[in-house]
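The values are calculated or read from the model by the stated rules, or taken from the named source; none is laboratory data. Source: prediction; values computed, not measured. With ideal geometry, Cβ positions are generated from the backbone for all residues, glycine too; neighbour counts draw on all protein chains shown.
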Amino acid sequence: MASELSKSPVPDAQSVREQSLAVSGLACERDGRLLFEGLEFTLAPGAAVQVEGANGAGKSTLIRTLIGSASDFTGTIAWQGLAFPRGLAAMRASLLYIGHYAGVRRGLTPLENLAWYGAGQDDAMRALELVGLYGFEDVLCQQLSAGQNRRVALARLYLPDSPPLWILDEPLAALDVTGVAGLETQMNCHLRRGGSVLLTSHQPVNIAPLQRVNLADFSPRMAVEEELHRAV
Amino acid sequence: MQFQFENFASFLAMNGHGPYVWFSYGVTIAVMAALVLVPVLRQRQMREAFRRQLRQEQARRRSEIARAASETAAAD
Amino acid sequence: MEKWANMKLSWQWFHRLGSPRWFYQKTSAWLPWLGAAALLLLAVGCTWGLGFAPQDAKQGNSYRIIYIHVPAAFLALAGYYIMAICGAIGLIWKMKLSFVVMRAAAPIGAVLTFVALLTGAVWGKPTWGTYWVWDARITSMLILLFLYLGVMALSGAFSRELSGDKASALLALVGTVNIPIIYKSVDWWFTLHQPATLKLTQASTIDPSMFYPLITMIAGFYLFYAWVLILHTRGLILQREWRTQWVRELLGQSAPAAKA
Amino acid sequence: MQSESVGDGRKRIAEPVLRPAVPAAAPGFFTLFRTELTLAVRRRSDIVNPLLFFVTVLALMPIGIGPEPEMLSRMAAGLIWVMALLSTLLSQESLFRSDYEDGSLEQLALQSQPLYFPVLAKVLVHWLVTGVPLAVLSPLLGMMLNLGQAGYWPLLLSLVLGTASLSLIGAVGAALTVALRRPGLLLALIIMPLYVPVLIFGTGTVQAALDGYGYGPQLAILGAILAAAAALAPLAAAGAIRISLEN
C-alpha cells in the first residue's frame, strides 16, 4: 500500500530554510527562582534539538515559554527571523505540540480525536496502526491505558501534512521498545523531509542531526541563594 | 457657627442618639487605626524574622567551621 | 491585528527594572506628610460635623453618622475602580508593581465597604427602628462587598503569585463592567418593591452648614485611603521581594555582616 | 525521489512534502460544537445531576416553609429562579475541567484561531444540556409550588433566556478556577454577585405577569443582558484560560 505522502504543493526551498527557531540570551524564572539564563541555540529545518536537565531544571518551563504559554522571560525567541510576540502567531501556525498531558480527550475515541486534529479517516486509521493501536480505533479513550492514550497523541506525528515544527515534551516516556523505535524512525523521516524537532528526554534518542542542549550549562551564574549567603 | 450643645454631657448624649453616633464613630476610628497599624506591625515582624534567620545562619556557619576544624584536627 | 498582538503580548518585564524598589524609595520621603494631612483633615471634619453642624430637623443628631457613612461609601466604590485599573495596567503592560498595588487595594476597599454597611445599618435603627433595611443603596453596597471578597479569595487561591494576580485582575475588570448594571438593576428592583416610607437614598436637602463638614470628611477619607494604600503596598513589596538584595539590606541594617 | 521502508516494511515515497506555514486546519465552529455535544451526551451524569438537584431541592421547599398554597404561590417564582441559578452553578465547574486535565485545553489555546469560538461552543452545549432542560421542567415545579396561572409561560421564557446568560457569566468563573484543585466554593463566591441582575429581571418577568402587567420589558432586558454576555463573556473566559494555563 504505497501511501502518497506528497498531496500538498512542494514548498520552495526559501520558505523551508527560513523556518528556524532561534533562541538567544533566554532567561526563565519560576516562583521567583531563576531557572537558567543566557540560553542559546538555533533549531534549523531538518535538525533536531534534545533538551536535557535534571528534574526541576526548567525543561517544561522552557517548553511552555517556547510555545508562548508562559510570558515572563527575558531574551529573544525568534521564528522565521521574527521575534516573539510577533513571531508567535506564525510559529503556532506551523507547530505540532505534544505536552506532558497528551491532549487526547478521554470522552472521544482515538479516531474522533485524530479527526478533531484535522486528519482524514484513512490517514487516521493508518497512523493509529503505526503506533500499534490497531483494533482500538473505536474504543473510548477513557477505557484505554495511559500508555495507549499517549500513543493516540503520538499518532498525530504519523499523519501526512504534519506541521514543520514539532515540540515534544518527554515523547519517549511510557513507550515500550518497539514504540521508541517506530517514533525514532518517524522523527528521522520528518527531519529528512525538512521538518525540525525539539524534544526533552532523559534517555538518549538516536535521531540525526541532533544537538544536545543541557540546561545545567546555562544555570544562573550567581544563584539567588548564594546572593543570600553573600549578604549574611 | 457655634457649638451645638450646652455642655459636654449633652454632647455625649446627643439627646438620645448618642450611643448610635458614638458607636459608629468608634468602630470607624478603630478600623482606620487597624488599617494603618497592620502594615507597620507586619514590617516589624518581618524585620525580626529576618534577624532571627540571620543569627541562625551565623550560628550554623560557626558550628560548621568548628566541626570542620575538629575533623581536620582528628584527621592529622 | 498586528498592533493588537504587539500590545497584548508585550514582553516588557519590569521586575528586572526594580520598579517596586523605585516606588519604595520614592515614597519613603513624603509618606508621613500625607498621613499627617489626612489625619488633620479627618480631625477637623469630625469635630466640625459632630460638634458644630446644626441638628437635622427630622432625624435629630443621628444624621451625624452621615459624615462617615457617605465618605466610606464613596471610597468603597472608588476603591474598587482603583483596584481594577491597577489590575488592568498589570495585565496589559505586565507591571508587577501595579499588581502589588491592586493586592493592597482589595482589603482596604473591603474594610471600607464593611464600615459603610455597618454605619448605614446603625443609622437605620433610630430612623426606621430596624438595623437591616433592604434599601437599594445598602443592597448594592452588600453586593460590592461580595465582589471584593471574591477578588481577595481568588487572589489567594493560586499557588503561583503571578497567576493569582492576573486572575484576580481579570475578575476585578469583569466586576467593574458589572457594577453599573448591578446598581441600576438593584435600584429598579427597589423601586418595584417600594415600601412607601423608606427613603435613605435621597438624603434630606442638605444646607451649606451641614455640607462643608461632609466635604472635608470626604477629602480626609480620600487622603487617608491614599496613605493607607501606599503603606500596604510598601508592606507587600517587602514581602514579595524579601529575596532581593535591597530588601535584605533594608531589613538587616543593624546586623553585623559576619563574613564566613 | 528516494523511497525507504518504514517499520513494517511498507514502501513509502518520501520527498520534501512540508506544506508552507499555513494555519493548521483549525476545527471550525461547527466541528467544535459537534464534538462538545458528543462529549456532553456521553457524560450522562453531567446532564442528570443538575436536574435532580433542581427537582429535589424544590420538592423540599414546601416541607421546610409549610404547605399553605397561598404563601407558596407568592414565593414560587423566586424559589424556582434561585434554584435554577444554583443548579447551573453546580454544573459550571466541570465546563473546562476535563479538557484542562487531559491537555486539550492547551491544544485549543495553541490554535492560531482565537479562543472565543471554542469557549462559545462549550457554553452553548452547556446551556443546551443544563439550561434548557431546567426551563422545560420548570412548569412542572411551578405546579408543585402552586404558581399563579399567568406565570407559567413567562417562567419558561425567562429561564430559557436567563440560563444562557448564567452559563456565559459562569464560564468566566469556571475558566478562572480551572487550574485550582478544589474550585467548587470559590467559583460560587466569585460568580454569585455577577448573577444578581439576571436573577432580578428573571423573577421580575414572572412577577410582572402574575401582577397582570405585560412582561415584555423585563424579558427584553433579559435578552439585552444575554446579548452583552454572549459578546463579552467568552472574551473574558478566553483571557482567563490563558492565565490558568500559565499556572
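General remarks:
- Of the residues making up the stretch D:191-205, none is part of a loop (DSSP other than H, G, I, E, B), out of contact with any strand residue (DSSP E or B) (no Cβ under 6 Å at 6 or more places or on another chain), under 24 Å from C:Trp188 (Cα atoms) and without any contact (Cβ under 8 Å) to a residue 60 or more places away in the chain.
- Any hit, the stretch A:95-104, residues being over 13 Å from D:Gly103 (Cβ atoms) and either hydroxyl-bearing (Ser, Thr, Tyr) or in contact (Cβ under 8 Å) with a residue 12 or more places away in the chain (or both): yes
- Filter result (in a loop (DSSP other than H, G, I, E, B), at pLDDT 50 or above and either in contact with a strand residue (DSSP E or B) (Cβ under 9 Å, 6 or more places away or on another chain) or not polar (S, T, N, Q) (or both)) within the stretch C:2-59: C:Ala53, C:Pro54, C:Ala57, C:Lys58
- Reported count of residues in the stretch C:229-243, each being in contact (Cβ under 8 Å) with a residue 40 or more places away in the chain and not in a helix (DSSP H, G or I), is 1.
- Residue in the stretch A:127-140 that is in contact with a helix residue (DSSP H, G or I) (Cβ under 7 Å, 6 or more places away or on another chain) and closer than 18 Å to D:Leu32 by Cβ present: no
- Test: residue in the stretch D:145-159 that is within 13 Å of the chain's Cα centre (by Cα) and surrounded by fewer than 19 Cβ atoms within 10 Å (Cβ to Cβ): no
- The stretch B:39-54: number of residues that are more than 8 Å from chain C (Cβ to nearest Cβ) and not small (Gly, Ala, Ser): 6
- The stretch D:181-190, residues that are part of a helix (DSSP H, G or I) and more than 8 Å from chain C (Cβ to nearest Cβ): D:Gly184, D:Leu185, D:Leu187, D:Ala188
- When residues in the stretch D:165-180 are screened for being more than 14 Å from the chain's Cα centre (by Cα) and either more than 9 Å from chain C (Cβ to nearest Cβ) or in a helix (DSSP H, G or I) (or both), 2 of them pass.
- A single member of D:Pro133, D:Pro197 is surrounded by fewer than 20 Cβ atoms within 10 Å (Cβ to Cβ), in contact with a helix residue (DSSP H, G or I) (Cβ under 8 Å, 6 or more places away or on another chain) and not aliphatic (A, V, I, L, M), and it is D:Pro133.
- The listed residue being assigned to a helix (DSSP H, G or I) and either acidic (Asp, Glu) or out of contact with any Leu (no Cβ under 8 Å at 6 or more places or on another chain) (or both), out of A:Arg126, A:Arg92: A:Arg126
- Checking each residue of the stretch C:150-161 against the condition of being part of a helix (DSSP H, G or I), in contact (Cβ under 8 Å) with a residue 60 or more places away in the chain and surrounded by fewer than 18 Cβ atoms within 10 Å (Cβ to Cβ) gives at least one match.
- Members of the stretch A:186-200 found to be under 19 Å from A:Ala155 (Cβ atoms) and either assigned to a loop (DSSP other than H, G, I, E, B) or touching a Lys or Arg at 6+ places or on another chain (Cβ under 6 Å) (or both), listed by number: A:Arg193, A:Gly195
- In the stretch D:214-247, the residues that are more than 10 Å from chain C (Cβ to nearest Cβ), buried (at least 23 other Cβ atoms within 10 Å of the Cβ) and touching a Phe, Trp or Tyr at 6+ places or on another chain (Cβ under 6 Å): D:Leu222, D:Pro234
- Only one entry in D:Asp46, D:Asp102 is within 14 Å of chain A (Cβ to nearest Cβ), free of Cβ contacts under 8 Å to residues at least 40 places away in the same chain, out of contact with any strand residue (DSSP E or B) (no Cβ under 7 Å at 6 or more places or on another chain) and surrounded by 15 or more Cβ atoms within 10 Å (Cβ to Cβ), namely D:Asp102.
- Scan of the stretch A:73-92 for residues that are surrounded by fewer than 19 Cβ atoms within 10 Å (Cβ to Cβ) and without any contact (Cβ under 8 Å) to a residue 40 or more places away in the chain, ordered by number: A:Leu82, A:Ala83, A:Pro85, A:Arg86, A:Ala89, A:Ala90
- Filter pass, D:Ala135 being closer than 27 Å to C:Met141 by Cβ and either modelled with pLDDT of 95 or more or assigned to a helix (DSSP H, G or I) (or both): no
- So C:Ile138, is it within 20 Å of C:Ile218 (Cβ to Cβ), within 11 Å of chain B (Cβ to nearest Cβ) and modelled with pLDDT under 90: no
- Test: residue in the stretch A:143-150 that is within 11 Å of another protein chain (Cβ to nearest Cβ), more than 29 Å from A:Glu52 (Cβ to Cβ) and more than 17 Å from the chain's Cα centre (by Cα): no
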